[in-house]
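The values are calculated or read from the model by the stated rules, or taken from the named source; none is laboratory data. Given the structure is predicted, the values throughout are model-derived calculations rather than measurements. A quick note on method: Cβ atoms are made from the backbone with ideal geometry, for glycine too, and the neighbour counts reach across all protein chains shown.
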Amino acid sequence: MSEEQPAGSPDDGPTPRAGQARRGRRRARPPRRHTVARVLVVTGLALAMVTALATVWLYRDLNGNLTVTDVTGQLTDRPDEVDVEGPQEPVNILVMGSDDRDGEGNNIDGLTGDGQRSDTTILFHLSADREHAYGVSIPRDSLVTRPDCTGPDGENIPGAEDAMWNEAFAVGGPACTIQQFEQTTDVRINHYVVVDFAGFKDMVDAIDGVPVCIPEDISDPAHGINIEAGSREIRGDEALNYVRARYTLGDGSDIGRVKRQQAFIAGMANKVVSGGVLARPDRLVGFLRAATKSLTVDPGMGNVVKLSKVGLGFQDIGLDNIRFITVPFEYDSREEFRGRIVWTEQAETVWQRIRNDQTISKRLDSGLLTAGNVPGSPRSTPDGGDEDESESPSASESESESESGGPESPGASTAPRDESQTAALEAAGLCT
């Protein structure tokens, strides 16, 4: 009889313990799965931290770009806000363009001296029901009674009769312009924005240009402006030259320039909303960075969160319900004020409707433009562009796919332009 083999030797049959041992060895793989899970969790946390840090960095970066100035203490005898029906409060934002000659890229005319001018003033009114918005342009050549105001250093700046609108900004900055606006219109301003020329150009470049339609070559050697005719997207200095061109385009008036500025801003809004900018993080971040660098705002819009809350008010408004008009005016008949303009009685109707948050009829501005259909816009058609004579803004009956492949924003007009609007566009040097 052979020597007894040790328990568990290869010659023995599998004992329960041996089988359990082998099964235990086969079950040693789960730790690998735990390792993979830990790697996934750690990677996920790392990505979350990187994303969070990037978000915080971007938030701080954009906030750091903004210039915030509180001018409330400089404003006196302010109008009362009118109670209106609506789920929210209406919002009035006064936007002023600035060519501060001390800022890099701003002194486009090569002028000497300190200070700044403002050739662009637009009131943006956002309705309480968030269903329509207006941009009401005030020509710089408007003659008004400028009230006394308080300058940035607390000094009293005396008012003047028959003063040009843009003098208020030159003598006292945004506070004096707000004071003048409120005293002249009895409309209370909730927020203000000052945009400088150099930043404006950067905003246009960040979205790869804005579409325009120029019926004839623009040649103004005195101001170094030469722009070829045609429908295309313009950017950089060419875009800046286009919005400031005046004497050799259309009827050569400041009113024509105002209308072209309206069309350009409307085209920019159209490009941002329906041109794929919102779906392109690189373009969107570039646009936001350029915008915040160029803005001076009040504390109510003093960071990107507050700015976005105001911006979200425009979210559900169709592009055709963002409408641009010019305050009703006529040319001054007095010889010493040749070329200057005065507001008509219809101007008070416009301001009254803004005060009471009511819609504005097209009859109050025959040259009305919307962000949904402007000359040069991909969505603009030769016979499209405006509403009928009703008091309510037009609405889109359908939505279509935009060129960027996403759903197009609602609000495209299909109604033909009338003769008065066509004439206004031609006078402004815009394609009809």
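For the condition of a type outside the set (Phe, Trp, Tyr) and either under 29 Å from Tyr331 (Cβ atoms) or touching a helix residue (DSSP H, G or I) at 6+ places or on another chain (Cβ under 8 Å) (or both), what is the one hit in Gly172, Gly230?
Gly172
Counting only residues that are assigned to a helix (DSSP H, G or I) and free of Cβ contacts under 8 Å to residues at least 40 places away in the same chain, which one in segment 269-297 is surrounded by the most Cβ atoms within 10 Å (Cβ to Cβ)? Full working, then the answer.
Here is the first cut: in segment 269-297, the residues assigned to a helix (DSSP H, G or I) are 269-274, 281-294.
Applying the additional criterion that residues be free of Cβ contacts under 8 Å to residues at least 40 places away in the same chain yields 281-282, 284.
Working: Pro281: 9, Asp282: 9, Leu284: 16.
Here the residue is Leu284.
Are there any pairs with C-beta distances below 7 angstrom linking a residue in segment 153-174 that is on the phi > 0 side of the Ramachandran plot to a residue that is part of a helix (DSSP H, G or I) and of a type outside the set (S, T, N, Q), with the two at least 6 apart or on different chains, and if so which?
Pairs found: Asp162/Phe337.
Okay, residues lined up against (1) within 15 Å of the chain's Cα centre (by Cα); (2) more than 20 Å from Pro211 (Cβ to Cβ); (3) modelled with pLDDT of 85 or more:
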site: Ala263; (1), (2), (3): yes, no, yes
site: Gly276; (1), (2), (3): no, no, no
site: Ser294; (1), (2), (3): yes, yes, yes
site: Ser308; (1), (2), (3): yes, yes, no
site: Leu319; (1), (2), (3): yes, no, no
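Kindly indicate which of Ser231, Ser137, Ser142 is surrounded by fewer than 20 Cβ atoms within 10 Å (Cβ to Cβ) and closer than 26 Å to Val374 by Cα. Walk me through it before giving the result.
On the way: Ser137 fails: surrounded by fewer than 20 Cβ atoms within 10 Å (Cβ to Cβ); Ser142 fails: surrounded by fewer than 20 Cβ atoms within 10 Å (Cβ to Cβ).
Within the list Ser231, Ser137, Ser142, the selection yields Ser231.
All but one of (1) modelled with pLDDT of 90 or more; (2) within 25 Å of Glu131 (Cα to Cα); (3) outside any helix (DSSP H, G or I) hold for Gly300; state the number of the condition that does not hold.
Every listed condition holds for Gly300 apart from (3).
Return the residues of segment 158-190 that are surrounded by fewer than 19 Cβ atoms within 10 Å (Cβ to Cβ) and farther than 9 Å from Arg146 by Cα; say none if nothing qualifies.
Of everything in segment 158-190, those that are surrounded by fewer than 19 Cβ atoms within 10 Å (Cβ to Cβ) and farther than 9 Å from Arg146 by Cα turn out to be Ala170, Val171, Asp186, Arg188, Asn190.
Of the conditions (1) closer than 24 Å to His191 by Cβ; (2) touching a residue at least 60 places away in the same chain (Cβ under 8 Å); (3) in a helix (DSSP H, G or I), Ile255 clears all except one; give me its number.
(1)
Hey, Arg246 hits all of (1) surrounded by 15 or more Cβ atoms within 10 Å (Cβ to Cβ); (2) charged (D, E, K, R); (3) in a helix (DSSP H, G or I); (4) modelled with pLDDT under 85 but one; which does it fall short on?
Here Arg246 meets the rest and fails (3).
Among the residues that make up segment 336-354, is at least one of them at pLDDT below 80 and assigned by TED's automatic domain parsing to the domain that holds His125?
no
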